[in-house]
Amino acid sequence: MPTVEPPRAIGPGKACVELGFKYDNTTSPAAASSVIRAAWRAVRRHVVMPGLQLAVYVCAAMSLMLFLERLCMAAVVAGLWLQRRRRKRAGRRRRLSGYDDVRKRVLDEDEDDDLLESAGEDRRCPMVLVQIPMFNEKQVYRLSIGAACGLSWPSDRLVIQVLDDSTDPAIRELVEVECARWAGKGVRIRNENRSNRNGYKAGAMSEGLREPSLPENISHRPRQKIPAAIPDADLLRRAVPPLLRDPGVALVQARWRFVNAGDCILTRIQEMSLNYHFAVEQAVGSACHAFFGFNGTAGVWRAAALADAGGWKERTTVEDMDLAVRASLRGWRFVYAGDLAVRSELPSTFRAYRYQQHRWSCGPANLLRKVLPEILRSDRVSPWKKLHLLYAFFFVRKVVAHLVTFLFYCVVIILACVLAQGDVSLPKYVAVSGHLLVFWILFENVMSLHRSKAVVIGLLEASRANEWVVTYKLGVARKKKKQQEEEVRRREVHVLELVMGACLLYCAVYDMSAAAFIVGFGYVGASVPAAPF
(Lines give C-alpha, C1' and ligand atoms only; values in the text may rest on other atoms or scores of the structure.)
Protein backbone atom coordinates (compact mmCIF):
# COMPACT_ATOMS: atom_id res chain seq x y z
CA MET A 1 0.00 0.00 0.00
CA PRO A 2 1.64 3.27 -1.09
CA THR A 3 2.32 5.79 1.58
CA VAL A 4 0.53 9.09 1.35
CA GLU A 5 2.62 12.09 2.19
CA PRO A 6 0.73 14.39 4.57
CA PRO A 7 -0.08 17.82 3.15
CA ARG A 8 2.51 20.42 3.95
CA ALA A 9 1.38 23.70 5.37
CA ILE A 10 2.35 26.69 3.33
CA GLY A 11 4.65 28.77 5.44
CA PRO A 12 4.05 32.45 5.99
CA GLY A 13 7.16 33.22 4.02
CA LYS A 14 5.74 31.83 0.77
CA ALA A 15 2.43 33.62 1.28
CA CYS A 16 4.27 36.86 1.94
CA VAL A 17 6.34 36.46 -1.23
CA GLU A 18 3.11 36.08 -3.21
CA LEU A 19 1.82 39.33 -1.68
CA GLY A 20 4.98 41.13 -2.72
CA PHE A 21 6.95 41.73 0.50
CA LYS A 22 9.74 39.95 2.35
CA TYR A 23 9.47 37.70 5.36
CA ASP A 24 12.43 36.61 7.49
CA ASN A 25 10.94 33.17 8.33
CA THR A 26 10.93 33.83 12.05
CA THR A 27 8.08 33.29 14.44
CA SER A 28 8.72 36.14 16.82
CA PRO A 29 5.81 38.46 17.75
CA ALA A 30 7.60 41.37 16.16
CA ALA A 31 7.87 39.50 12.87
CA ALA A 32 4.19 38.51 12.98
CA SER A 33 3.22 42.11 13.64
CA SER A 34 5.38 43.19 10.73
CA VAL A 35 3.64 40.70 8.47
CA ILE A 36 0.21 41.94 9.55
CA ARG A 37 1.17 45.56 8.96
CA ALA A 38 2.60 44.77 5.56
CA ALA A 39 -0.51 42.80 4.61
CA TRP A 40 -2.73 45.67 5.74
CA ARG A 41 -0.69 48.14 3.69
CA ALA A 42 -1.13 45.96 0.63
CA VAL A 43 -4.87 45.57 1.19
CA ARG A 44 -5.25 49.28 1.90
CA ARG A 45 -3.38 50.22 -1.25
CA HIS A 46 -5.07 47.80 -3.66
CA VAL A 47 -8.56 47.46 -2.15
CA VAL A 48 -9.46 50.09 0.44
CA MET A 49 -8.10 53.20 -1.26
CA PRO A 50 -9.62 52.51 -4.72
CA GLY A 51 -12.94 51.62 -3.13
CA LEU A 52 -13.00 54.75 -0.99
CA GLN A 53 -12.00 56.93 -3.91
CA LEU A 54 -14.82 55.49 -6.01
CA ALA A 55 -17.24 56.02 -3.12
CA VAL A 56 -16.08 59.63 -2.84
CA TYR A 57 -16.72 60.22 -6.54
CA VAL A 58 -20.18 58.62 -6.40
CA CYS A 59 -21.20 60.49 -3.25
CA ALA A 60 -19.80 63.75 -4.60
CA ALA A 61 -21.88 63.26 -7.76
CA MET A 62 -25.00 62.64 -5.66
CA SER A 63 -24.21 65.67 -3.53
CA LEU A 64 -23.86 67.77 -6.67
CA MET A 65 -27.20 66.48 -7.97
CA LEU A 66 -28.86 67.44 -4.71
CA PHE A 67 -27.19 70.86 -4.69
CA LEU A 68 -28.28 71.65 -8.25
CA GLU A 69 -31.84 70.54 -7.47
CA ARG A 70 -31.97 72.83 -4.44
CA LEU A 71 -30.41 75.67 -6.42
CA CYS A 72 -33.00 75.38 -9.19
CA MET A 73 -35.84 75.35 -6.67
CA ALA A 74 -34.38 78.43 -4.95
CA ALA A 75 -34.29 80.24 -8.30
CA VAL A 76 -37.94 79.35 -8.97
CA VAL A 77 -38.97 80.52 -5.50
CA ALA A 78 -37.16 83.82 -6.07
CA GLY A 79 -38.99 84.22 -9.39
CA LEU A 80 -42.34 83.52 -7.75
CA TRP A 81 -41.61 86.10 -5.06
CA LEU A 82 -40.73 88.74 -7.66
CA GLN A 83 -43.89 87.91 -9.61
CA ARG A 84 -46.08 88.34 -6.55
CA ARG A 85 -44.33 91.59 -5.70
CA ARG A 86 -44.92 92.99 -9.21
CA ARG A 87 -48.59 92.05 -9.07
CA LYS A 88 -49.01 93.81 -5.75
CA ARG A 89 -47.31 96.95 -7.06
CA ALA A 90 -49.35 96.92 -10.26
CA GLY A 91 -52.57 96.50 -8.32
CA ARG A 92 -51.62 99.33 -5.97
CA ARG A 93 -50.88 101.70 -8.86
CA ARG A 94 -54.16 100.86 -10.58
CA ARG A 95 -56.16 101.39 -7.42
CA LEU A 96 -54.49 104.75 -6.89
CA SER A 97 -55.30 105.68 -10.51
CA GLY A 98 -58.98 105.03 -9.87
CA TYR A 99 -59.60 102.30 -12.42
CA ASP A 100 -63.05 100.92 -11.70
CA ASP A 101 -62.58 98.10 -14.18
CA VAL A 102 -59.84 96.65 -11.99
CA ARG A 103 -62.23 96.33 -9.11
CA LYS A 104 -64.80 94.76 -11.41
CA ARG A 105 -62.25 92.22 -12.65
CA VAL A 106 -61.24 91.37 -9.09
CA LEU A 107 -64.87 90.89 -8.16
CA ASP A 108 -65.34 88.63 -11.16
CA GLU A 109 -62.36 86.53 -10.10
CA ASP A 110 -63.82 86.20 -6.62
CA GLU A 111 -67.28 85.32 -7.91
CA ASP A 112 -67.00 81.75 -6.74
CA ASP A 113 -65.92 82.94 -3.31
CA ASP A 114 -68.96 85.20 -3.10
CA LEU A 115 -71.17 82.34 -4.17
CA LEU A 116 -69.74 80.17 -1.43
CA GLU A 117 -70.35 82.87 1.15
CA SER A 118 -74.05 82.35 0.51
CA ALA A 119 -73.61 78.62 0.19
CA GLY A 120 -76.76 77.88 2.10
CA GLU A 121 -78.79 79.33 -0.76
CA ASP A 122 -76.59 78.62 -3.81
CA ARG A 123 -76.92 75.25 -5.48
CA ARG A 124 -73.42 75.40 -6.96
CA CYS A 125 -71.94 74.59 -3.57
CA PRO A 126 -70.78 70.96 -3.99
CA MET A 127 -71.21 68.05 -1.65
CA VAL A 128 -68.17 67.46 0.57
CA LEU A 129 -67.10 64.27 2.31
CA VAL A 130 -64.71 64.54 5.26
CA GLN A 131 -62.96 61.31 6.26
CA ILE A 132 -61.26 61.05 9.66
CA PRO A 133 -59.27 57.79 10.01
CA MET A 134 -58.36 56.99 13.61
CA PHE A 135 -56.43 54.38 15.53
CA ASN A 136 -56.45 54.64 19.33
CA GLU A 137 -56.44 58.46 19.10
CA LYS A 138 -57.43 59.13 22.69
CA GLN A 139 -55.65 62.48 22.92
CA VAL A 140 -56.91 64.09 19.71
CA TYR A 141 -60.14 62.35 18.67
CA ARG A 142 -62.34 65.06 20.16
CA LEU A 143 -60.35 67.88 18.52
CA SER A 144 -60.39 66.23 15.10
CA ILE A 145 -64.10 65.45 15.16
CA GLY A 146 -64.96 68.89 16.53
CA ALA A 147 -62.89 70.67 13.87
CA ALA A 148 -64.54 68.68 11.06
CA CYS A 149 -68.02 69.29 12.42
CA GLY A 150 -67.24 72.99 12.85
CA LEU A 151 -66.41 73.59 9.18
CA SER A 152 -68.35 76.47 7.68
CA TRP A 153 -70.38 74.63 5.06
CA PRO A 154 -74.08 73.92 4.49
CA SER A 155 -75.09 71.04 6.72
CA ASP A 156 -77.05 69.34 3.95
CA ARG A 157 -73.94 69.32 1.73
CA LEU A 158 -71.41 68.03 4.28
CA VAL A 159 -70.92 64.37 5.23
CA ILE A 160 -68.39 63.36 7.88
CA GLN A 161 -67.04 59.83 8.24
CA VAL A 162 -65.12 58.78 11.36
CA LEU A 163 -63.19 55.66 10.35
CA ASP A 164 -62.23 54.25 13.73
CA ASP A 165 -59.90 51.23 13.66
CA SER A 166 -59.14 51.49 17.38
CA THR A 167 -58.37 48.23 19.16
CA ASP A 168 -59.11 49.67 22.60
CA PRO A 169 -62.83 49.21 23.41
CA ALA A 170 -62.76 52.20 25.77
CA ILE A 171 -61.51 54.52 23.03
CA ARG A 172 -64.08 53.14 20.59
CA GLU A 173 -66.80 53.96 23.07
CA LEU A 174 -65.48 57.50 23.54
CA VAL A 175 -65.45 58.07 19.78
CA GLU A 176 -68.96 56.66 19.47
CA VAL A 177 -70.23 59.00 22.19
CA GLU A 178 -68.57 62.01 20.56
CA CYS A 179 -70.10 61.18 17.16
CA ALA A 180 -73.52 60.75 18.74
CA ARG A 181 -73.17 64.12 20.45
CA TRP A 182 -72.53 65.90 17.15
CA ALA A 183 -75.23 63.90 15.38
CA GLY A 184 -77.66 65.19 17.97
CA LYS A 185 -76.79 68.72 16.83
CA GLY A 186 -77.85 67.96 13.28
CA VAL A 187 -74.44 67.11 11.80
CA ARG A 188 -74.38 64.31 9.22
CA ILE A 189 -71.67 62.23 10.87
CA ARG A 190 -71.14 58.48 10.66
CA ASN A 191 -68.90 56.29 12.78
CA GLU A 192 -67.52 53.32 10.85
CA ASN A 193 -65.73 50.44 12.60
CA ARG A 194 -63.84 47.52 11.08
CA SER A 195 -63.03 44.14 12.55
CA ASN A 196 -59.55 44.23 11.01
CA ARG A 197 -56.91 46.77 9.94
CA ASN A 198 -56.37 45.52 6.40
CA GLY A 199 -54.65 48.24 4.42
CA TYR A 200 -54.32 50.44 7.49
CA LYS A 201 -55.48 54.01 6.77
CA ALA A 202 -55.81 53.50 3.02
CA GLY A 203 -57.96 50.43 3.56
CA ALA A 204 -60.20 52.27 6.00
CA MET A 205 -60.75 55.21 3.65
CA SER A 206 -61.29 52.94 0.67
CA GLU A 207 -63.97 51.00 2.51
CA GLY A 208 -65.46 54.26 3.74
CA LEU A 209 -65.99 55.44 0.18
CA ARG A 210 -68.00 52.30 -0.54
CA GLU A 211 -70.28 52.70 2.47
CA PRO A 212 -72.60 55.61 1.52
CA SER A 213 -74.09 56.31 -1.89
CA LEU A 214 -72.40 59.63 -2.63
CA PRO A 215 -73.37 62.03 -5.43
CA GLU A 216 -71.09 62.22 -8.45
CA ASN A 217 -70.18 65.85 -7.82
CA ILE A 218 -68.97 65.27 -4.28
CA SER A 219 -65.69 66.92 -3.38
CA HIS A 220 -63.70 64.47 -1.30
CA ARG A 221 -61.54 65.81 1.50
CA PRO A 222 -59.48 63.06 3.18
CA ARG A 223 -58.03 63.68 6.60
CA GLN A 224 -54.79 62.07 7.66
CA LYS A 225 -54.22 61.31 11.30
CA ILE A 226 -50.47 61.90 11.50
CA PRO A 227 -49.62 64.59 12.31
CA ALA A 228 -52.89 65.68 13.90
CA ALA A 229 -54.34 68.59 11.88
CA ILE A 230 -57.07 70.98 12.98
CA PRO A 231 -58.51 73.12 10.14
CA ASP A 232 -60.06 76.53 10.55
CA ALA A 233 -63.79 76.85 9.93
CA ASP A 234 -63.32 78.66 6.59
CA LEU A 235 -61.01 76.04 5.05
CA LEU A 236 -63.55 74.71 2.55
CA ARG A 237 -64.75 78.18 1.54
CA ARG A 238 -61.17 79.11 0.63
CA ALA A 239 -60.07 75.79 -0.87
CA VAL A 240 -63.09 74.77 -2.96
CA PRO A 241 -63.24 77.82 -5.34
CA PRO A 242 -60.16 76.74 -7.37
CA LEU A 243 -61.92 73.42 -8.00
CA LEU A 244 -65.01 75.26 -9.24
CA ARG A 245 -63.10 77.63 -11.50
CA ASP A 246 -60.93 74.99 -13.20
CA PRO A 247 -62.39 71.53 -13.93
CA GLY A 248 -58.86 70.22 -14.57
CA VAL A 249 -57.73 70.80 -10.98
CA ALA A 250 -57.86 67.67 -8.84
CA LEU A 251 -56.29 68.81 -5.57
CA VAL A 252 -55.95 72.00 -3.54
CA GLN A 253 -53.28 71.58 -0.88
CA ALA A 254 -52.86 73.90 2.12
CA ARG A 255 -49.73 74.19 4.23
CA TRP A 256 -49.27 73.16 7.85
CA ARG A 257 -48.87 75.53 10.79
CA PHE A 258 -47.38 73.83 13.84
CA VAL A 259 -48.82 74.54 17.26
CA ASN A 260 -46.18 72.74 19.33
CA ALA A 261 -43.06 73.85 17.44
CA GLY A 262 -41.65 75.53 20.55
CA ASP A 263 -41.92 72.51 22.86
CA CYS A 264 -38.31 71.35 22.43
CA ILE A 265 -35.41 71.44 20.01
CA LEU A 266 -36.73 68.30 18.27
CA THR A 267 -39.96 70.03 17.26
CA ARG A 268 -38.10 73.19 16.24
CA ILE A 269 -35.85 71.19 13.91
CA GLN A 270 -38.90 69.49 12.40
CA GLU A 271 -40.52 72.88 11.87
CA MET A 272 -37.46 74.09 9.96
CA SER A 273 -37.48 71.06 7.65
CA LEU A 274 -41.24 71.04 7.01
CA ASN A 275 -41.42 74.80 6.46
CA TYR A 276 -38.81 74.38 3.72
CA HIS A 277 -40.82 71.51 2.27
CA PHE A 278 -43.98 73.61 1.98
CA ALA A 279 -42.43 76.97 1.07
CA VAL A 280 -40.05 75.56 -1.55
CA GLU A 281 -40.79 72.02 -2.73
CA GLN A 282 -44.59 72.29 -2.80
CA ALA A 283 -44.63 75.82 -4.21
CA VAL A 284 -42.13 74.98 -6.96
CA GLY A 285 -43.97 71.79 -7.92
CA SER A 286 -47.27 73.66 -8.16
CA ALA A 287 -45.83 76.52 -10.23
CA CYS A 288 -43.65 74.54 -12.65
CA HIS A 289 -45.36 71.18 -13.08
CA ALA A 290 -48.82 71.50 -11.44
CA PHE A 291 -47.72 68.45 -9.43
CA PHE A 292 -46.43 67.80 -5.93
CA GLY A 293 -46.77 65.12 -3.32
CA PHE A 294 -50.08 65.17 -1.50
CA ASN A 295 -49.37 65.65 2.21
CA GLY A 296 -52.27 63.47 3.32
CA THR A 297 -54.04 66.17 5.29
CA ALA A 298 -55.09 69.78 4.71
CA GLY A 299 -56.07 69.01 1.12
CA VAL A 300 -59.31 68.96 -0.88
CA TRP A 301 -59.72 66.36 -3.63
CA ARG A 302 -62.17 66.28 -6.52
CA ALA A 303 -64.08 63.01 -6.32
CA ALA A 304 -63.93 62.50 -10.10
CA ALA A 305 -60.14 62.74 -10.03
CA LEU A 306 -59.90 60.34 -7.11
CA ALA A 307 -62.05 57.80 -8.92
CA ASP A 308 -60.19 58.30 -12.21
CA ALA A 309 -56.86 57.62 -10.48
CA GLY A 310 -58.14 54.36 -9.03
CA GLY A 311 -58.94 55.49 -5.50
CA TRP A 312 -56.95 54.66 -2.40
CA LYS A 313 -54.51 51.76 -2.80
CA GLU A 314 -52.99 49.71 -0.01
CA ARG A 315 -49.76 48.71 -1.75
CA THR A 316 -47.56 51.15 0.23
CA THR A 317 -47.66 53.10 3.48
CA VAL A 318 -47.70 56.41 1.56
CA GLU A 319 -51.12 56.07 -0.02
CA ASP A 320 -51.40 59.86 -0.25
CA MET A 321 -48.30 60.16 -2.47
CA ASP A 322 -49.38 57.11 -4.44
CA LEU A 323 -52.73 58.72 -5.21
CA ALA A 324 -51.08 62.00 -6.22
CA VAL A 325 -48.71 60.28 -8.67
CA ARG A 326 -51.49 58.24 -10.27
CA ALA A 327 -53.76 61.26 -10.60
CA SER A 328 -50.95 63.27 -12.18
CA LEU A 329 -50.30 60.50 -14.70
CA ARG A 330 -53.97 60.73 -15.67
CA GLY A 331 -53.50 64.40 -16.57
CA TRP A 332 -54.93 66.09 -13.47
CA ARG A 333 -53.35 69.27 -12.07
CA PHE A 334 -52.67 70.31 -8.48
CA VAL A 335 -52.77 73.74 -6.81
CA TYR A 336 -50.77 74.66 -3.71
CA ALA A 337 -52.40 77.36 -1.56
CA GLY A 338 -49.50 78.71 0.48
CA ASP A 339 -51.63 81.40 2.11
CA LEU A 340 -54.01 78.79 3.55
CA ALA A 341 -52.70 77.18 6.75
CA VAL A 342 -54.00 74.30 8.85
CA ARG A 343 -52.91 73.78 12.44
CA SER A 344 -50.90 70.62 12.98
CA GLU A 345 -49.05 68.81 15.76
CA LEU A 346 -45.49 67.52 15.48
CA PRO A 347 -44.22 64.37 17.23
CA SER A 348 -42.32 65.55 20.30
CA THR A 349 -40.55 62.30 21.21
CA PHE A 350 -37.69 60.78 19.30
CA ARG A 351 -39.32 57.35 19.20
CA ALA A 352 -42.46 58.72 17.54
CA TYR A 353 -40.41 60.84 15.15
CA ARG A 354 -38.23 57.88 14.18
CA TYR A 355 -41.23 55.72 13.28
CA GLN A 356 -42.71 58.60 11.28
CA GLN A 357 -39.49 59.15 9.34
CA HIS A 358 -39.18 55.44 8.61
CA ARG A 359 -42.60 55.50 6.99
CA TRP A 360 -41.93 58.74 5.13
CA SER A 361 -38.59 57.44 3.78
CA CYS A 362 -39.42 53.78 3.16
CA GLY A 363 -42.79 54.46 1.54
CA PRO A 364 -41.58 56.68 -1.35
CA ALA A 365 -38.70 54.31 -2.15
CA ASN A 366 -41.08 51.37 -2.23
CA LEU A 367 -43.56 53.39 -4.29
CA LEU A 368 -40.86 54.18 -6.86
CA ARG A 369 -40.46 50.47 -7.57
CA LYS A 370 -44.18 50.07 -8.22
CA VAL A 371 -44.98 53.21 -10.22
CA LEU A 372 -41.88 53.15 -12.43
CA PRO A 373 -43.58 51.06 -15.17
CA GLU A 374 -46.71 53.22 -14.94
CA ILE A 375 -44.70 56.42 -15.39
CA LEU A 376 -42.80 55.04 -18.38
CA ARG A 377 -45.99 53.75 -20.07
CA SER A 378 -48.11 56.84 -19.43
CA ASP A 379 -49.17 58.67 -22.61
CA ARG A 380 -51.05 61.55 -20.95
CA VAL A 381 -48.04 63.43 -19.60
CA SER A 382 -45.10 65.01 -21.39
CA PRO A 383 -41.57 63.55 -21.34
CA TRP A 384 -40.50 66.60 -19.31
CA LYS A 385 -42.99 65.74 -16.57
CA LYS A 386 -41.91 62.10 -16.61
CA LEU A 387 -38.32 63.25 -16.15
CA HIS A 388 -39.38 65.47 -13.26
CA LEU A 389 -41.23 62.60 -11.58
CA LEU A 390 -38.45 60.06 -11.93
CA TYR A 391 -35.36 62.24 -11.47
CA ALA A 392 -36.27 65.23 -9.30
CA PHE A 393 -39.29 64.06 -7.31
CA PHE A 394 -38.34 60.44 -6.61
CA PHE A 395 -34.63 59.84 -7.21
CA VAL A 396 -33.06 63.07 -5.97
CA ARG A 397 -35.49 64.06 -3.20
CA LYS A 398 -36.58 60.65 -1.94
CA VAL A 399 -33.47 58.50 -2.46
CA VAL A 400 -30.34 60.59 -2.97
CA ALA A 401 -31.22 63.19 -0.32
CA HIS A 402 -31.32 60.51 2.39
CA LEU A 403 -28.49 58.26 1.22
CA VAL A 404 -25.86 60.91 0.53
CA THR A 405 -26.20 62.51 3.96
CA PHE A 406 -25.43 59.26 5.75
CA LEU A 407 -23.02 57.60 3.33
CA PHE A 408 -20.96 60.67 2.46
CA TYR A 409 -20.76 62.60 5.71
CA CYS A 410 -21.03 59.75 8.23
CA VAL A 411 -19.23 56.89 6.47
CA VAL A 412 -17.12 57.73 3.42
CA ILE A 413 -15.44 60.92 4.64
CA ILE A 414 -14.75 59.42 8.07
CA LEU A 415 -13.27 56.22 6.65
CA ALA A 416 -11.22 58.24 4.20
CA CYS A 417 -9.79 60.33 7.03
CA VAL A 418 -9.04 57.34 9.29
CA LEU A 419 -8.05 54.60 6.84
CA ALA A 420 -6.77 56.35 3.74
CA GLN A 421 -4.52 58.75 5.70
CA GLY A 422 -4.49 61.44 3.06
CA ASP A 423 -4.24 59.13 0.03
CA VAL A 424 -7.88 59.83 -0.96
CA SER A 425 -8.79 63.30 -2.16
CA LEU A 426 -11.84 64.83 -0.48
CA PRO A 427 -13.87 67.84 -1.65
CA LYS A 428 -13.47 71.04 0.32
CA TYR A 429 -16.68 72.61 1.61
CA VAL A 430 -17.23 75.86 3.43
CA ALA A 431 -19.97 75.68 6.05
CA VAL A 432 -21.86 78.79 7.12
CA SER A 433 -23.73 78.27 10.39
CA GLY A 434 -26.75 80.13 11.64
CA HIS A 435 -29.06 79.80 14.62
CA LEU A 436 -29.74 76.09 15.25
CA LEU A 437 -27.95 75.16 12.04
CA VAL A 438 -25.28 73.15 13.85
CA PHE A 439 -27.89 71.23 15.83
CA TRP A 440 -29.89 70.63 12.66
CA ILE A 441 -26.89 69.21 10.80
CA LEU A 442 -25.93 66.87 13.65
CA PHE A 443 -29.50 65.68 14.11
CA GLU A 444 -30.02 65.13 10.38
CA ASN A 445 -26.83 63.04 10.29
CA VAL A 446 -28.24 60.78 12.99
CA MET A 447 -31.67 60.54 11.32
CA SER A 448 -30.06 59.77 7.96
CA LEU A 449 -29.16 56.35 9.38
CA HIS A 450 -32.84 55.43 9.77
CA ARG A 451 -33.91 57.09 6.54
CA SER A 452 -31.20 55.29 4.56
CA LYS A 453 -32.23 52.00 6.12
CA ALA A 454 -35.86 52.73 5.29
CA VAL A 455 -35.01 53.62 1.68
CA VAL A 456 -33.15 50.32 1.22
CA ILE A 457 -36.05 48.40 2.79
CA GLY A 458 -38.47 50.13 0.46
CA LEU A 459 -36.37 49.52 -2.65
CA LEU A 460 -35.91 45.84 -1.77
CA GLU A 461 -39.49 45.55 -0.46
CA ALA A 462 -38.26 43.78 2.65
CA SER A 463 -40.33 42.63 5.60
CA ARG A 464 -40.89 46.12 7.05
CA ALA A 465 -41.74 47.78 3.74
CA ASN A 466 -45.47 47.90 4.51
CA GLU A 467 -45.22 48.24 8.28
CA TRP A 468 -47.46 50.93 9.72
CA VAL A 469 -46.80 52.21 13.24
CA VAL A 470 -49.05 55.02 14.39
CA THR A 471 -47.10 58.10 15.47
CA TYR A 472 -47.80 58.76 19.12
CA LYS A 473 -49.27 62.19 19.77
CA LEU A 474 -49.69 64.01 23.06
CA GLY A 475 -52.73 66.06 22.13
CA VAL A 476 -53.17 69.74 22.76
CA ALA A 477 -55.24 69.63 25.93
CA ARG A 478 -53.13 70.65 28.92
CA LYS A 479 -53.04 68.06 31.66
CA LYS A 480 -53.50 68.78 35.29
CA LYS A 481 -50.42 69.42 37.37
CA LYS A 482 -51.06 66.35 39.48
CA GLN A 483 -51.21 64.14 36.39
CA GLN A 484 -47.99 65.64 35.08
CA GLU A 485 -46.20 64.85 38.33
CA GLU A 486 -47.40 61.24 38.24
CA GLU A 487 -46.16 60.66 34.69
CA VAL A 488 -42.51 59.64 34.45
CA ARG A 489 -40.95 59.86 31.06
CA ARG A 490 -39.12 56.66 30.20
CA ARG A 491 -35.68 57.02 28.66
CA GLU A 492 -35.24 54.40 25.98
CA VAL A 493 -31.99 53.04 24.65
CA HIS A 494 -31.63 53.07 20.84
CA VAL A 495 -29.08 50.48 19.80
CA LEU A 496 -28.40 51.75 16.28
CA GLU A 497 -27.65 55.26 17.51
CA LEU A 498 -25.33 53.88 20.19
CA VAL A 499 -23.45 51.73 17.69
CA MET A 500 -23.12 54.64 15.30
CA GLY A 501 -22.02 56.84 18.17
CA ALA A 502 -19.36 54.32 19.16
CA CYS A 503 -18.00 54.24 15.61
CA LEU A 504 -17.92 58.02 15.39
CA LEU A 505 -16.31 58.27 18.81
CA TYR A 506 -13.58 55.88 17.69
CA CYS A 507 -13.01 57.90 14.55
CA ALA A 508 -13.13 61.16 16.53
CA VAL A 509 -14.03 63.30 13.54
CA TYR A 510 -15.52 66.67 14.37
CA ASP A 511 -17.11 65.21 17.49
CA MET A 512 -20.10 63.98 15.49
CA SER A 513 -20.42 61.12 17.97
CA ALA A 514 -21.94 63.42 20.57
CA ALA A 515 -25.13 63.81 18.54
CA ALA A 516 -25.55 60.05 18.10
CA PHE A 517 -25.04 59.35 21.82
CA ILE A 518 -27.44 62.10 22.87
CA VAL A 519 -30.12 60.71 20.57
CA GLY A 520 -29.28 57.12 21.48
CA PHE A 521 -29.93 57.65 25.18
CA GLY A 522 -33.19 59.43 24.44
CA TYR A 523 -32.25 63.00 25.35
CA VAL A 524 -33.92 64.47 22.26
CA GLY A 525 -37.58 65.36 22.36
CA ALA A 526 -39.89 66.17 25.22
CA SER A 527 -43.23 64.96 26.48
CA VAL A 528 -44.40 68.51 27.01
CA PRO A 529 -48.07 69.15 26.19
CA ALA A 530 -48.52 71.75 23.49
CA ALA A 531 -50.43 74.98 23.94
CA PRO A 532 -54.18 74.71 23.25
CA PHE A 533 -55.41 75.47 19.74
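The values are calculated or read from the model by the stated rules, or taken from the named source; none is laboratory data. Keep in mind that what you see is a predicted model, and the values were worked out from it rather than measured. Note that we place each Cβ from the backbone using ideal geometry, even for glycine, and neighbour counts take in every protein chain shown.
Looking only at the range 381-421, count every residue that is assigned to a helix (DSSP H, G or I), more than 30 Å from PRO50 (Cα to Cα) and not hydrophobic (A, V, I, L, M, F, W, C) and tell me the total.
Selection size over the range 381-421: 4.
Going by the structure shown, is GLY310 in contact (Cβ under 8 Å) with a residue 60 or more places away in the chain and of a type outside the set (S, T, N, Q)?
no
Condition first: touching a Ser or Thr at 6+ places or on another chain (Cβ under 9 Å), farther than 17 Å from SER273 by Cβ and of a type in the set (A, V, I, L, M). Now tell me which residues in the range 347-398 satisfy that.
LEU367, VAL381, LEU389
Taking TYR336 as meeting all but one of (1) under 15 Å from GLY293 (Cβ atoms); (2) surrounded by fewer than 17 Cβ atoms within 10 Å (Cβ to Cβ), write down the number of the exception.
(2)
Among the listed residues GLU497, GLU492, GLU467, GLU486, which satisfies the condition of being at pLDDT 75 or above and acidic (Asp, Glu)?
Values: GLU492 fails: at pLDDT 75 or above; GLU467 fails: at pLDDT 75 or above; GLU486 fails: at pLDDT 75 or above.
Exactly one residue qualifies, and that residue is GLU497.
Under 8 Å between Cβ atoms, which residue pairs at least 6 apart in sequence (or on different chains) link something in the range 50-61 that is more than 14 Å from ILE414 (Cα to Cα) with a partner that is crowded, with 17+ Cβ neighbours inside 10 Å?
The qualifying pairs are ALA60/PHE408.
Suppose we keep only residues that are within 17 Å of the chain's Cα centre (by Cα) and assigned to a strand (DSSP E or B) within the range 246-284. Which one would you say is farthest from VAL128 (Cα to Cα)?
PHE258
Being over 17 Å from the mean Cα position of the chain (by Cα) and closer than 21 Å to TYR391 by Cβ is the filter; apply it to the range 285-327 and report the residue that is surrounded by the most Cβ atoms within 10 Å (Cβ to Cβ). Let's see the steps before the verdict.
Kept after step one, since they are over 17 Å from the mean Cα position of the chain (by Cα), are these residues of the range 285-327: 286-290, 300-315, 326-327.
Retained after the next criterion (residues that are closer than 21 Å to TYR391 by Cβ): 286-290, 326-327.
Values: SER286: 21, ALA287: 16, CYS288: 18, HIS289: 19, ALA290: 19, ARG326: 21, ALA327: 23.
My answer is ALA327.
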